[in-house]
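What follows is a short report on a single structure.
The values are calculated or read from the model by the stated rules, or taken from the named source; none is laboratory data. Just so it is clear, the model here is predicted, and its values are computed rather than measured. Quick reminder, even Gly has a Cβ in these numbers, built from the backbone with ideal geometry, and neighbours come from all protein chains shown. To get the accessible areas, we keep the full protein, side chains included, count just its heavy atoms, and leave off ligands, DNA and RNA. Shrake-Rupley method; radii C 1.70, N 1.55, O 1.52, S 1.80 Å.
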Amino acid sequence: MKLRNLLISLSWMCLLLNTCLSQEVNDDKPNIVLIMVDDLGIGDLGCYGNDTIRTPHVDSLAREGVRLTQHISAASLCTPSRAAFLTGRYPIRSGMVSKMDSRVITSLGVSSGLFLNETTFAALVKNQGYTTALIGKWHQGLNCLSRSDHCHHPYNYGFDYYYGMPFTLFEPCWPDPSRDAELAIGSKIWLCVQLVAITVLTLTIGKLSRWISVPWSLILSMILFIFLLGYFWFSSYTSPLYWECLLMREHEITEQPMKAERAGSIMVKEAVSFLERNREGPFLLFYSFLHVHAPLPTTTEFIGTSKHGLYGDNVEEMDSMVGKILGAIDDLGLKNRTLVYFTADHGGHLEVRVGHAQHGGWNGIYKGGKGMGGWEGGIRVPGIVRWPGKVPAGEVIEEPTSLMDVFPTLAAVTGGTLPQDRVIDGRNLMPLLQGEIQHSEHEFLFHYCGVHLHAVRWHPRNSEAVWKVHYVTPVFQPPGAQACYMTTYCRCSGELVTYHNPPLLFDLSRDPSESTPLTRDTEPQYDLVIRTVANALKKHKDSIIPVQPQISGSHQDSIWLKPCCGVFPFCLCDKEGISSASGSS
Ligand SMILES: *[C@@H]1O[C@H](CO)[C@@H](O)[C@H](O)[C@H]1NC(C)=O
Ligand SMILES: *[C@@H]1O[C@H](CO)[C@@H](O)[C@H](O)[C@H]1NC(C)=O
Ligand SMILES: *[C@@H]1O[C@H](CO)[C@@H](O)[C@H](O)[C@H]1NC(C)=O
């Protein structure tokens, strides 16, 4: 009897202990919400010193968390920067770089993408029991061999749920006046084609016609068919709008072409519903904005409301969407259990101009912008981390940190282990964020432009200095400009860059705008710095195992790889319907 009682109470204790333990584990494992804005300039946010653009929600995030002022992206263009963010490795290690002028995945019709043997933070935390989602822009490839094999779909990289744009916003996506007309005409034409096909079939099989011979009816139908096809093909249907600007939910295409100004509000709904579904946690949500990339699709609610034209309107709409996501986290009572991170994939795009109004981001006091390998404006981005009770509120950290740090930081906070068979370039941010250490663990950071190394940053372990050595810089044109207005993006090599020998040297701690190069005469440590950095660069280069570049000319744009919603080439659909459209107001 006694033994039995003892056993019963023991098992009760076990049960209690178990629930306690598992609750503790859940408390230990925070939910994770990563917010990345596309092409946002560091100077576009109130909390980074902008006094005319209104970004109250991002600002509140900064007040409640740590704001990083020297947060550096591994590349100044989307595809490589995001590959590095996902994997914690320089994009040159995963092959997400190019020797060519275009350094991103240029269409949904190329077979390249992130190698499947790369480990993303999503796969890492999924291993720790997290439910993971990507909502928004992907831009890491889609298909390999057929238009629906989805070999590079986010599901193959550790994401459990996906809604968004597999490609990226670009000019043809908006405005799209022809979209609705084409959708209407498209469905009628499809009906015609079916009718023609049925007629031909009936005529041929039944030989019913007395007035016209079968061969003639066939020829007539074929002419009609070819005419319709030709009309359809050479109308705006051939525009990239139809082939690149599309949205998917899981594996299904929901809109082709997409209604760009509506996409943002559907994405927010998707995010909120993911948070609701997974409120028990732990979850990871990577919310990858389509904002504030050109052509800046904005709902009428925000058009004309900012002091900075369409660009400002789009930034303010982005901020309101951040507010909706933060609001949902609050409403679900998850604030204290959720680590929220906010960043941009790289600096603002200076060359985006419509007329005389500037329509790209503002990189504050920093020189250069998107697409430039080394200049600070292309790679210094906002970085905010909020985790109430775990990370101090209202703190500012000026030490060098990297977007690649997110991968090892998430490993640390979720109890995951880093892959041991490869180099991870990021560092766990928690010791710095929690004030255990004051000095960044990044002594050197390497700044690439495609496969070409342009600059190196050195933050010596025993000094406040942040040396920046430039070996290559783009030639700005027209002469006197501060960007590459003649080519839309600056080049990485060849005639449109300057090779510096001796290299240009700046100390960012004294000259953050990289305005006055230091020389042997003005800087006593000049030789020491150049020598030390050259040695570090050699060590870094030795650590790189060559892989096949995934973004290069050998990956041809093929119509056969482009996703199609319907029967090729009639690839039109709108499964969000009218009701969602009203949700954007
Ligand atoms: C604020 O942002 C706008 C839009 O990018 C920019 O034009 C303006 O110069 C910025 N203001 C400051 C003080 O940085
Ligand atoms: C959330 O964390 C903050 C800061 O540590 C604390 O003041 C607050 O009481 C916590 N709220 C809840 C509901 O636990
Ligand atoms: C992934 O596969 C590619 C191609 O086979 C190879 O070159 C690369 O080294 C692999 N990467 C890792 C991290 O194993």
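What strands (runs of 3 or more DSSP E) lie completely within the range 56-168 and have 2 or more residues being surrounded by fewer than 24 Cβ atoms within 10 Å (Cβ to Cβ), among the hydroxyl-bearing types (Ser, Thr, Tyr) and more than 16 Å from ligand 3 (Cβ to nearest atom)?
161-164
Would the range 388-396 turn up any residue that is more than 16 Å from ligand 2 (Cβ to nearest atom), touching a strand residue (DSSP E or B) at 6+ places or on another chain (Cβ under 9 Å), modelled with pLDDT of 95 or more and open to solvent by less than 10 Å² (accessible area, probe 1.4 Å)?
The initial filter retains those residues of the range 388-396 that are more than 16 Å from ligand 2 (Cβ to nearest atom), namely 396.
If we keep only those that are touching a strand residue (DSSP E or B) at 6+ places or on another chain (Cβ under 9 Å) too, we end up with 396.
Still in the running and modelled with pLDDT of 95 or more: 396.
When the remaining residues are screened for being open to solvent by less than 10 Å² (accessible area, probe 1.4 Å), the result is none.
So far as the range 388-396 goes, no, none of its residues is more than 16 Å from ligand 2 (Cβ to nearest atom), touching a strand residue (DSSP E or B) at 6+ places or on another chain (Cβ under 9 Å), modelled with pLDDT of 95 or more and open to solvent by less than 10 Å² (accessible area, probe 1.4 Å).
Before we move on, is Asn336 over 24 Å from Thr79 (Cα atoms) and at pLDDT 95 or above?
Working: over 24 Å from Thr79 (Cα atoms): yes; at pLDDT 95 or above: yes.
Yes: the conditions hold for Asn336.
Which of the residues belonging to the range 99-133 are touching a Leu at 6+ places or on another chain (Cβ under 8 Å) and of a type in the set (A, V, I, L, M, F, W, C)?
Scanning the range 99-133 gives Val104, Leu108, Val110, Leu114, Phe121, Ala122, Leu124, Val125, Ala133.
I'm checking my understanding of the structure. Among residues of the range 254-292 that are surrounded by 21 or more Cβ atoms within 10 Å (Cβ to Cβ) and charged (D, E, K, R), which one is nearest to Gly360 (Cα to Cα)?
Selected residue: Glu261.
On the given criteria, is Gly378 in a loop (DSSP other than H, G, I, E, B) and within 24 Å of the chain's Cα centre (by Cα)?
Values: in a loop (DSSP other than H, G, I, E, B): no; within 24 Å of the chain's Cα centre (by Cα): yes.
No.
Quick one: would you say Leu241 is open to solvent by 10 Å² or more (accessible area, probe 1.4 Å) and at pLDDT below 95?
On the way: open to solvent by 10 Å² or more (accessible area, probe 1.4 Å): no; at pLDDT below 95: yes.
Considered against the rule, which asks whether it is open to solvent by 10 Å² or more (accessible area, probe 1.4 Å) and at pLDDT below 95, Leu241 comes out as no.
Pick from the range 328-350 the residues that are farther than 24 Å from Leu68 by Cβ and open to solvent by 20 Å² or more (accessible area, probe 1.4 Å): which of them is nearest to ligand 3 (Cβ to nearest atom)?
So, considering only residues that are farther than 24 Å from Leu68 by Cβ and open to solvent by 20 Å² or more (accessible area, probe 1.4 Å), the one nearest to ligand 3 (Cβ to nearest atom) is Leu332.
For the range 339-374, how many residues are part of a loop (DSSP other than H, G, I, E, B), out of contact with any helix residue (DSSP H, G or I) (no Cβ under 6 Å at 6 or more places or on another chain) and either at negative phi or at pLDDT 95 or above (or both)? Outline the logic, then answer.
We begin by selecting, within the range 339-374, every residue part of a loop (DSSP other than H, G, I, E, B); these are 345-352, 355-356, 359-374.
Filter again for out of contact with any helix residue (DSSP H, G or I) (no Cβ under 6 Å at 6 or more places or on another chain), leaving 348-352, 355-356, 360, 365, 371, 373-374.
From what is left, the residues that are either at negative phi or at pLDDT 95 or above (or both) are 348-352, 356, 360, 365, 371, 373-374.
Matching residues across the range 339-374 total 11.
Among (1) open to solvent by less than 20 Å² (accessible area, probe 1.4 Å); (2) modelled with pLDDT of 95 or more; (3) touching an Asp or Glu at 6+ places or on another chain (Cβ under 8 Å), where does Thr305 come up short?
Status for Thr305: all satisfied but (1).
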